[in-house]
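Q: Provided herewith is a single structure, encoded as structure tokens, for subsequent inquiry.
The values are calculated or read from the model by the stated rules, or taken from the named source; none is laboratory data. Please read these numbers as outputs of a predicted model, since none were measured by experiment. Don't worry about glycine lacking a Cβ; one is built from the backbone with ideal geometry, like all the others, and counts go over all protein chains shown.
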Amino acid sequence: MPRPINLALAIALLASVGACTSMQTGGVKNTSKTFTTVVVDAGHGGKDSGAYRRSGPPEKIVALDVAQRLERKLRESQLKTIMIRSSDVFIPLDERVAIENSQKNAIFVSIHFNDSRKRGIRGVETYYHSGASSELANRIQAKLMTIPHSGDRGVHTANFRVLRMASYPAVLVECGFLSNRADGKQARDWEYRELLADRIAEAIVEQRYGPGVYQPSGRLAAQLQPATTGPALAPPAH
């Protein structure tokens, strides 16, 4: 004979399951296969330098450079783009969230570089918050791992505000550790930043249209001009 069900307990369990589900996907519209717009966010800016080491430019500069290169490649792939910032300006997190959520059919990609007190730590990692963002995050990380000598720090969930508050799929890419000698040297190389942008763009285009569609411009040839100029970011003289 079946045991009687405690109605109060059953309701509590259902509420608990519902709460867990809403924490993972609540309020997020899954546009990961239908998006027409990519909101590109260059981390930090203005008074907020982000990670900084004496041996190279601050995070805000290299993040902007990669973001600008990424934005150009996405436009060449016929995707609409919105840049959170296109210059060295400070934009509060709440304003970034408002910009990303103002789009009707979009995804959000935030570009950063990492820092650590432990100089030996290196590698690339990608973060997401909602379940709708998981596939995109994993695709971006996998593409970045095709770059020779890349360190794989994996894909992780995180509670960053620009991810937690997003209405659409949103990911944050940490493109290496400026605190590490090898990663920092790569970050100072404009050809490497071009490669980072290329791999992220390839992942985004494949996420939307499928494998084999992405056509990089110039295959990272040395003749490509830098997206951001300046003494610290200029390409090597020929």
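Q: Which pairs have Cβ atoms under 7 Å, sit 6 or more apart or on different chains, and link a residue in region 145-157 that is in contact (Cβ under 8 Å) with a residue 60 or more places away in the chain and closer than 15 Å to LEU195 by Cα to one that is assigned to a loop (DSSP other than H, G, I, E, B) and among the charged types (D, E, K, R)?
A: Short answer, once both residue conditions are applied: none.
Q: Would it be correct to say that ASP94 is within 18 Å of LEU178 (Cβ to Cβ) and touching a helix residue (DSSP H, G or I) at 6+ places or on another chain (Cβ under 9 Å)?
A: For ASP94, the condition - within 18 Å of LEU178 (Cβ to Cβ) and touching a helix residue (DSSP H, G or I) at 6+ places or on another chain (Cβ under 9 Å) - is not met.
Q: Please work out which residue is farthest from VAL205 (Cα to Cα), limiting yourself to region 32-89 and to residues that are of a type outside the set (Lys, Arg) and in contact with a His (Cβ under 7 Å, 6 or more places away or on another chain).
A: Applying the filter and picking the extreme gives GLY50.
Q: A further question follows. Scanning region 144-171 for residues that are small (Gly, Ala, Ser) and part of a loop (DSSP other than H, G, I, E, B), which turns out nearest to LYS118 (Cα to Cα)?
A: Looking at residues that are small (Gly, Ala, Ser) and part of a loop (DSSP other than H, G, I, E, B), I get GLY151.
Q: Looking at region 96-144 only, could you name the residues that are touching a residue at least 60 places away in the same chain (Cβ under 8 Å) and of a type in the set (Phe, Trp, Tyr)?
A: Scanning region 96-144 gives PHE108, PHE113.
Q: For residues that are within 21 Å of SER116 (Cβ to Cβ) and not hydroxyl-bearing (Ser, Thr, Tyr), tally how many sit in region 172-209.
A: Residues in region 172-209 being within 21 Å of SER116 (Cβ to Cβ) and not hydroxyl-bearing (Ser, Thr, Tyr): 19 in total.
Q: Filter region 122-144 for residues that are more than 11 Å from ARG199 (Cβ to Cβ) and hydrophobic (A, V, I, L, M, F, W, C); which is farthest from the chain's Cα centre (by Cα)?
A: So, considering only residues that are more than 11 Å from ARG199 (Cβ to Cβ) and hydrophobic (A, V, I, L, M, F, W, C), the one farthest from the chain's Cα centre (by Cα) is ALA132.
Q: Tell me yes or no: at least one residue of region 8-29 is at negative phi and at pLDDT 85 or above.
A: There is at least one residue in region 8-29 that is at negative phi and at pLDDT 85 or above.
Q: Could you please let me know if ALA51 is modelled with pLDDT under 95 and touching a strand residue (DSSP E or B) at 6+ places or on another chain (Cβ under 9 Å)?
A: Taking the combined requirement at face value, the residue satisfies it.
Q: Looking only at region 175-205, which residues are of a type in the set (Ser, Thr, Tyr) and assigned to a helix (DSSP H, G or I)?
A: TYR192
Q: In a loop (DSSP other than H, G, I, E, B), modelled with pLDDT under 95 and more than 29 Å from THR34 (Cβ to Cβ): which single residue out of GLN223, GLN215 fits that description?
A: The unique qualifying residue is GLN223.
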